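Student: Supplied in structure tokens, the structure appears directly below.
None of the figures in this text is laboratory data; all of them are computed from the coordinates on show. In this text the structure is predicted, and so the values were computed from the model without any measurement. Methodologically, a virtual Cβ is constructed for each residue, glycine included, from the backbone with ideal geometry; neighbour enumeration extends over all protein chains shown.
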Amino acid sequence: MDGIVDDRLSQSIPSNRRDEVFEYLCSEQILKDYGLSSDEILDGVVDGRNDGGIDSIYILVNGHIVKDANEFLWPKSGCELSVVIITCKHHDTFKLLAIDSLVASLSEILDFSLENEKLSGDYNLEVLDARMKMLTAYRKTSPRLQKFTFNVFYASRGDSNNVGENIVSRSNQLVEIVKGYFSNVEASFNFFGSAEIIESYRKSQIYSYDLKFQKVMSKGETYLLLVSLKDYYSFITDDKKLKRYYFDSNVRAYMGLNSVNQDIRQTLEDTNSPDFWWLNNGVTILTTNAVVVGNSITIENVQIVNGLQTTESIFQFYDKKENVNDERSILIKVIVSNQSEVRDQIIRATNNQTVVESVALFATDKIQRDIEEIMLKKGFYYERRTNYYANQGVSPKRIITPLYLAAGITSLCLKMPWVSASFKSKMLREENLYRNIFLDQPLNIFPVIGYILKQTDQFIETTRPSKGTFDAYQRRYRHILSSMIVARLCNSLNFTAADIMSINLDDVKGDKFQEMWNLLHSNKAGIGTVKTSRKKNEVIRRLNLLTKEFEIKGIERYRRMPNSIFISNPKQTTSKVRVFGLM
């Protein structure tokens, strides 16, 4: 355990603090079957002052994380809601005090009859936001809820087989408290010790699995297989859990029991129906290597790029059955390719045939591949496909995600750092903004922006208080500070993309950041501490410090920008807002 933590500490995964490295490791392993990205794991962290003894809260619907309740694509039927609460202590044993804190907090946090303002406990903003997200998810899914699980994990370096009776008794009491609030919930309390952490850590997601088949037809490195439903169910599950890491995270979107999936369910239930593969288009698997031996095929690095609805419907149907004994067949297409451009074409082509949000397919755009290529030349890994480089062990210090880069471009090139502070993936659905961010920028600017943001984060981390939440603290200062640094180096707030690319990156270093940090916190203008960077007027007041201190001009450019990239029409729903036409 110490070796794993030491190795990750040297890579700052996710920070340079040992307790946070351990907490992240625990959450990563507990949630491993969901295949969450680093951003998604960090988004669930609520640890810090007034956290109620809770380190992380995750809400998942049909296995997919709910990051933003307003932009989540809620299934129309057949919902499975999962809530995961994690408390993590870098102790060698499991202690009663940690569970006592959870009992006190969850006893009122789960009382949805109380507004946040009526809670007796003093909880931080992250906990309250997660509570409202949980409430929204429960209300959205309850009319069509098929399964509701509420799992509490207590992770430590201890031995989960050697927990005191009084501690176990208290954990059972917490389970009863949860059940008392939800009549239809499957609640559990789990002790997650060193043995469980190490076992999960050694379970790699760079994998190869055998798939038995009944018939095979092949041409080159493409295989058409007829596979029995019971063998396919075994292939997609591990200890009766769906291997969600089989699915490319950019295109996954199980829609519950909609009309299509209801038809699939009815076909599965009717054992007298024609063979399953006669009525279903089947599944497409993308792989880097496949070898047929006898009546099975060994597949490496499995990605199910088409047939997610079918796969999840099969899993949902057989999940509750003790023994799957179904000789009906499903058609499986296995395509071997190591060429990223070919793989992207296959992903786009297969997913354009079903209802998938267009933003999920951006990863296959030529500009995204071009950004990935130029980033690699500059020593960065552009993770346009979620977890692609993380699963290969690349250090997070060198990984840049599209959302992270898009927020940086919005701040530094489009001059709207207040938008960047709360940048959401739904913003990239808007064609105009997507074009402004990615297509209208010179290609060489992307690694420069990435470098500036990473250097900014590195400095901010040195200023973080002991109880500051990692991700929230970074987002509060990242875009204000990086904008000030670039303006200082360009001697203008009205800097252009060309100006940014002309910066000597050796000048983007600690002393320059310290100078801007001191100015930001000097209170010379009497504006106080930065509590939020999501409001335009708050950001401009702080950028204006540059004008007063160094006579740096160009603040008018920021003042001309809108408060938001969206212009809402009160007669339209939020899904129909139109993006501001940026110049």
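Student: Determine the relative contact order of the chain: mean sequence separation of Cα pairs under 8 Å and six or more apart, normalised by residue count, in whole percent.
Tutor: Working: 883 pairs, mean separation 67.6, N = 583.
About 12 percent, as a whole number.
Student: A further question on this structure: Helix 470-490 sits at what angle to the longest principal axis of the chain, using alpha carbons and giving 0 to 90 degrees rounded to 10?
Tutor: 40 degrees
Student: So how far apart, in nm, are the two label points at HIS91 and ASN301 if each is 7 Å from Cα heading toward Cβ?
Tutor: 4.3 nm
Student: For the chain, what is the charge dipole size about the Cα centre, in debye to the nearest 20, if Lys and Arg each add +1 at the Cβ and Asp and Glu each add -1 at the Cβ?
Tutor: Values: 74 positive and 71 negative charges, 407 e Å.
Here the size comes out at about 1960 debye.
Student: Could I ask something else about it? With +1 on each Lys and Arg Cβ and -1 on each Asp and Glu Cβ, and nothing else charged, work out how big the dipole of segment 365-579 is about its Cα centre, in Debye to the nearest 20.
Tutor: I would put it at about 880 debye.
Student: Further question: With a cut-off of 13 Å, note down the residues of segment 263-280 whose backbone N falls inside the zone around a label point 7 Å from the Cα of LYS76 toward its beta carbon.
Tutor: Correct set: 263.
Student: Putting +1 on Lys and Arg Cβ atoms and -1 on Asp and Glu Cβ atoms, find which of PHE213, ILE167, PRO402 reaches farthest to the positive end of the dipole of the chain.
Tutor: Sorting the options by dipole projection puts first PRO402.
Student: OK, next. What value, in deg cm²/dmol to 500, does the helix sum -39500 (n - 2.57) over DSSP H runs of n ≥ 4 give at 222 nm once divided by the residues of the chain? Let's see the in-between values first.
Tutor: Numbers: 22 runs with 238 residues, N = 583.
Computed ellipticity for the chain at 222 nm equals -12500 deg cm²/dmol.
Student: In nm, to one decimal, how far is the ASN272 label point from the SER208 one, both placed 7 Å along Cα→Cβ?
Tutor: Roughly 4.6 nm, to one decimal.
Student: May I pose another question? Based on other C-beta atoms within 10 Å, arrange LEU81, LEU520, LEU114 from fewest to most. Intermediate values should be presented prior to the final figure.
Tutor: Details: LEU81 24, LEU520 19, LEU114 13.
Result, fewest neighbours first: LEU114, LEU520, LEU81.
Student: Sticking with this structure for a sec: Answer with one residue from ASN261, VAL305, GLN339: the one whose Cα lies farthest towards the positive end of the charge dipole of segment 208-351, charges on Cβ with Lys, Arg +1 and Asp, Glu -1.
Tutor: GLN339
Student: Using 0.36 nm per residue of separation minus the Cα-Cα distance, give me the extension gain between LYS321 and GLN514 in nm, one decimal. Don't jump to the answer; show the numbers that get you there.
Tutor: Numbers: separation 193, 0.36 × 193 = 69.48 nm, distance 6.12 nm.
Going from the current span to full extension adds 63.4 nm.
Student: Right, something else. Placing +1 on the Cβ of each Lys and Arg and -1 on the Cβ of each Asp and Glu in the chain, which of ASN387, THR87, SER194 has its Cα farthest towards the positive end of the resulting dipole?
Tutor: ASN387
Student: Shape call for segment 263-317 from the C-alpha gyration tensor, a ≥ b ≥ c root eigenvalues: rounded (a/c under 1.5), prolate (a/b greater than b/c) or oblate? Could you put the intermediate results ahead of the total?
Tutor: Numbers: a/c = 2.83, a/b = 1.82, b/c = 1.56.
Here segment 263-317 falls in the prolate category.
Student: What ranking do LEU97, LEU224 get, fewest neighbouring Cβ atoms within 10 angstrom at the top? Don't skip to the answer; put the middle values down first.
Tutor: Working: LEU97 9, LEU224 15.
Lowest to highest Cβ neighbour count: LEU97, LEU224.
Student: Considering only DSSP beta bridges whose two residues both sit in the chain, what percent are antiparallel, to the nearest 5?
Tutor: Working: 38 of 64 bridges.
Looking only at bridges with both residues in the chain, the antiparallel portion is about 60 percent.
Student: Helix 308-318 versus the longest principal axis of the chain: what is the Cα-based angle in degrees, 0 to 90, to the nearest 10?
Tutor: Tilt relative to the chain: about 50 degrees.
Student: Over segment 208-351, what number does the Rg to Rh ratio reach, with both radii from the alpha-carbon atoms and Rh per Kirkwood?
Tutor: Working: Rg = 14.5 Å, Rh = 15.5 Å.
My calculation puts Rg/Rh at 0.94.
Student: Moving on. Give me ARG475, ARG534 ranked fewest to most by other Cβ atoms within 10 Å of their Cβ, as a rough exposure proxy. Please report the intermediate quantities before stating the final value.
Tutor: On the way: ARG475 19, ARG534 16.
With the sparsest Cβ surroundings first, the list reads ARG534, ARG475.
Student: Right, here's the next one. Classify segment 365-579 as rounded, prolate or oblate from the Cα gyration tensor: take a ≥ b ≥ c as the square roots of its eigenvalues, call it rounded if a/c is under 1.5, otherwise prolate when a/b beats b/c and oblate if not.
Tutor: Values: a/c = 1.45, a/b = 1.13, b/c = 1.28.
Note, shape of segment 365-579 comes out rounded.
Student: Does segment 172-235 come out rounded, prolate or oblate by the C-alpha gyration tensor, with a ≥ b ≥ c the root eigenvalues, rounded set by a/c under 1.5 and, if not, prolate when a/b is larger than b/c and oblate if not?
Tutor: Working: a/c = 5.10, a/b = 2.07, b/c = 2.46.
The shape class here is oblate.
Student: Measuring from the lowest to the highest alpha carbon on each principal axis, how far does the chain reach, largest first, in angstroms?
Tutor: 80, 61, 55
Student: Moving on to the next point. For the peptides 395-408, 430-443, 294-307, 476-489, what is the packing order when you average, over each peptide's residues, the other Cβ atoms within 10 Å and list the highest mean first? Before the final figure, lay out the partial values.
Tutor: On the way: 395-408: 20.7, 430-443: 16.6, 294-307: 18.7, 476-489: 23.3.
By packing density, highest mean first, the sequence is 476-489, 395-408, 294-307, 430-443.
Student: Return the subset of LYS219/LYS426; LYS212/LYS426; LYS89/LYS118; LYS95/LYS424 for which the Cα-Cα distance in this structure is over 31 Å, preserving the input order.
Tutor: Working: LYS219/LYS426 40 Å; LYS212/LYS426 40 Å; LYS89/LYS118 29 Å; LYS95/LYS424 38 Å.
Violating the 31 Å Cα-Cα cut-off are LYS219/LYS426; LYS212/LYS426; LYS95/LYS424.
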